[in-house]
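J.: Pasting a structure here, questions to come.
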Amino acid sequence: MRYTTLFLAAALPFSACKKQEPDIQNLNGGRIVVMGHGGMGIHSTYPLDSPAGVLSCLSSDADGSEIDVQLTSDSVLVAYHSGDLSEGTNMSGPVWRHTWAEIQQGRFTGVPYTDHHIMSLDAFFGHVDVHDRAISLDIKLHPDGTPDAAYYGTFINAIIRLVDSHSFSDRFYIESQSPQFLSMLKERRSDLKLFYYPPTFEDGLSTAQTLGVFGISIDMNKISADQMASAHAQGFWVALWNAESNSDNEEAIRLAPEIIQTDRLDHLIGLLD
C-alpha cells in the first residue's frame with residue numbers, strides 16, 4: 001500500500017544525494033492516498049473507466065481508483081465519463097437515455113485489437129475484492145438541464161444498493177458537483193464520506209461547511225497551499241485531480257492533500273514509494 005510521504009533528493013557538495021522526508025501536514029497522518037483517474041488515467045492504452053483499466057489500477061501498488069459513475073434509464077450504475085456515448089464508444093446519446101441491456105452491447109472504440117465494454121459497477125465489484133482498496137465514485141448526473149429531486153432520489157437509491165451489496169473499505173468516497181444531491185444522500189446515509197466538487201475553492205469551502213461533508217474534491221490548479229491549509233484547519237479532507245503529468249504529480253504532493261487522483265499513476269507511486 002502506498003500511504004507514504006514524499007522523498008526529495010537533496011544534492012550536497014562532494015557527497016552523494018540523500019533522500020529527505022519532508023513534513024507533510026495533512027489530516028491523514030502525513031500520508032497521501034494514491035488513486036488512478038478512471039483506472040490507469042488518460043494516457044493509458046486502456047479506455048478511461050474500462051474494466052481492464054480499473055482492474056489494472058487496483059492490481060498495482062496504488063491505493064485505489066477514482067471511477068466516473070452514471071445511471072441508466074433502468075437504474076443501473078455504470079462507469080462512464082462523458083456526457084454522450086459518442087465520445088469514445090460505438091453508441092450515441094447520454095447514458096440515462098439507454099437501458100443497461102442496450103449499454104451492455106456497447107464497446108469502447110479507438111483501441112485496436114482489444115475489446116473493452118462499459119461496465120456495471122455492481123457486476124464489477126461482485127467479482128473484484130475491494131474491501132482493502134480506496135474507491136472514489138465521481139457522480140455524473142443528468143446531462144440535460146437541471147436534474148430534479150426524483151432523479152436524485154433514484155440515483156441515491158442505486159448508490160445505497162451498491163454500498164450495501166459490497167464490502168467497501170472505510171476509504172470509500174463519493175464526489176458530486178451538486179450540493180442538493182450531496183445533501184439528500186447525506187440525509188439518507190450519514191456514514192458515507194462525501195466530497196463536494198466545486199468550481200472554485202471559495203465555493204468549495206463555503207458549501208462544504210454548509211453541507212457538513214467529509215471533504216472537497218478540486219482541480220489541483222484551483223487551490224493554493226494556503227487554501228489547502230485553510231481547508232485542513234476546518235477539518236476537511238482534500239482530493240486533488242487533474243494531475244496529468246509528472247510535474248503535476250510533484251506539485252500535487254507539495255500541496256499536501258489527503259488524496260491525489262492521477263493520470264500518471266506509476267510515476268506518483270514511484271515518488272511516494
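J.: When only residues in region 73-92 that are under 20 Å from the mean Cα position of the chain (by Cα) and of a type in the set (Ser, Thr, Tyr) count, which is modelled with the highest pLDDT?
T.: Among them, the one singled out is Tyr80.
J.: While we're looking at this one, here's another question. Right, Ile135: of a type in the set (Val, Ile, Thr), in contact with a strand residue (DSSP E or B) (Cβ under 6 Å, 6 or more places away or on another chain) and within 25 Å of Asp84 (Cα to Cα) or not?
T.: For Ile135, the condition - of a type in the set (Val, Ile, Thr), in contact with a strand residue (DSSP E or B) (Cβ under 6 Å, 6 or more places away or on another chain) and within 25 Å of Asp84 (Cα to Cα) - is met.
J.: Do we have Phe195 as surrounded by 21 or more Cβ atoms within 10 Å (Cβ to Cβ), at pLDDT 95 or above, touching a Leu at 6+ places or on another chain (Cβ under 6 Å) and within 25 Å of Gly64 (Cα to Cα) here?
T.: no
J.: Kindly establish whether Lys186 is buried (at least 16 other Cβ atoms within 10 Å of the Cβ) and under 24 Å from Arg97 (Cβ atoms).
T.: No; evaluated as a whole, the condition is false for this residue.
J.: So in region 230-240, with the set limited to residues that are surrounded by fewer than 23 Cβ atoms within 10 Å (Cβ to Cβ) and not small (Gly, Ala, Ser), which one is nearest to the chain's Cα centre (by Cα)?
T.: Among those that are surrounded by fewer than 23 Cβ atoms within 10 Å (Cβ to Cβ) and not small (Gly, Ala, Ser), it is Trp237.
J.: Same structure, new question: Of everything in region 116-161, what is more than 23 Å from Ser178 (Cβ to Cβ) and touching a Pro at 6+ places or on another chain (Cβ under 8 Å)? Give them in sequence order.
T.: Listed by number, the residues that qualify are His116, His117, Met119, Phe124.
J.: Among the helices (runs of 4 or more DSSP H) confined wholly to region 190-273, which include 2 or more residues that are of a type in the set (Gly, Ala, Ser) and either without any contact (Cβ under 8 Å) to a residue 12 or more places away in the chain or under 23 Å from Leu48 (Cβ atoms) (or both)?
T.: 246-254
J.: Can you name the residue in region 22-43 that is more than 18 Å from Phe236 (Cβ to Cβ) and in contact with a Pro (Cβ under 9 Å, 6 or more places away or on another chain) and is also surrounded by the fewest Cβ atoms within 10 Å (Cβ to Cβ) among such residues?
T.: Gly38
J.: Consider Val95 carefully, then state whether it is at pLDDT 95 or above, among the β-branched types (Val, Ile, Thr) and farther than 27 Å from Val33 by Cβ.
T.: Against the criterion (at pLDDT 95 or above, among the β-branched types (Val, Ile, Thr) and farther than 27 Å from Val33 by Cβ), Val95 qualifies.
J.: Out of all the residues in region 67-81, which are in contact with a helix residue (DSSP H, G or I) (Cβ under 9 Å, 6 or more places away or on another chain) and either in a strand (DSSP E or B) or under 21 Å from Thr114 (Cα atoms) (or both)?
T.: Of everything in region 67-81, those that are in contact with a helix residue (DSSP H, G or I) (Cβ under 9 Å, 6 or more places away or on another chain) and either in a strand (DSSP E or B) or under 21 Å from Thr114 (Cα atoms) (or both) turn out to be Ile67, Val69, Gln70, Leu71, Leu77, Val78, Ala79, Tyr80.
J.: Scan region 110-120 and give yes if some residue there is crowded, with 21+ Cβ neighbours inside 10 Å, modelled with pLDDT of 95 or more and within 25 Å of Ser217 (Cα to Cα), otherwise no.
T.: Yes, because at least one residue in region 110-120 is crowded, with 21+ Cβ neighbours inside 10 Å, modelled with pLDDT of 95 or more and within 25 Å of Ser217 (Cα to Cα).
J.: Tell me the residue from Asp164, Asp148 that is out of contact with any helix residue (DSSP H, G or I) (no Cβ under 7 Å at 6 or more places or on another chain) and over 30 Å from Ala62 (Cα atoms), please.
T.: Asp148
J.: Would you point out which residue out of Asp61, Asp49 is among the charged types (D, E, K, R), at pLDDT 95 or above and surrounded by fewer than 24 Cβ atoms within 10 Å (Cβ to Cβ)?
T.: Asp61
The values are calculated or read from the model by the stated rules, or taken from the named source; none is laboratory data. These numbers were taken from a predicted model, which means no experiment stands behind them. With ideal geometry, Cβ positions are generated from the backbone for all residues, glycine too; neighbour counts draw on all protein chains shown.
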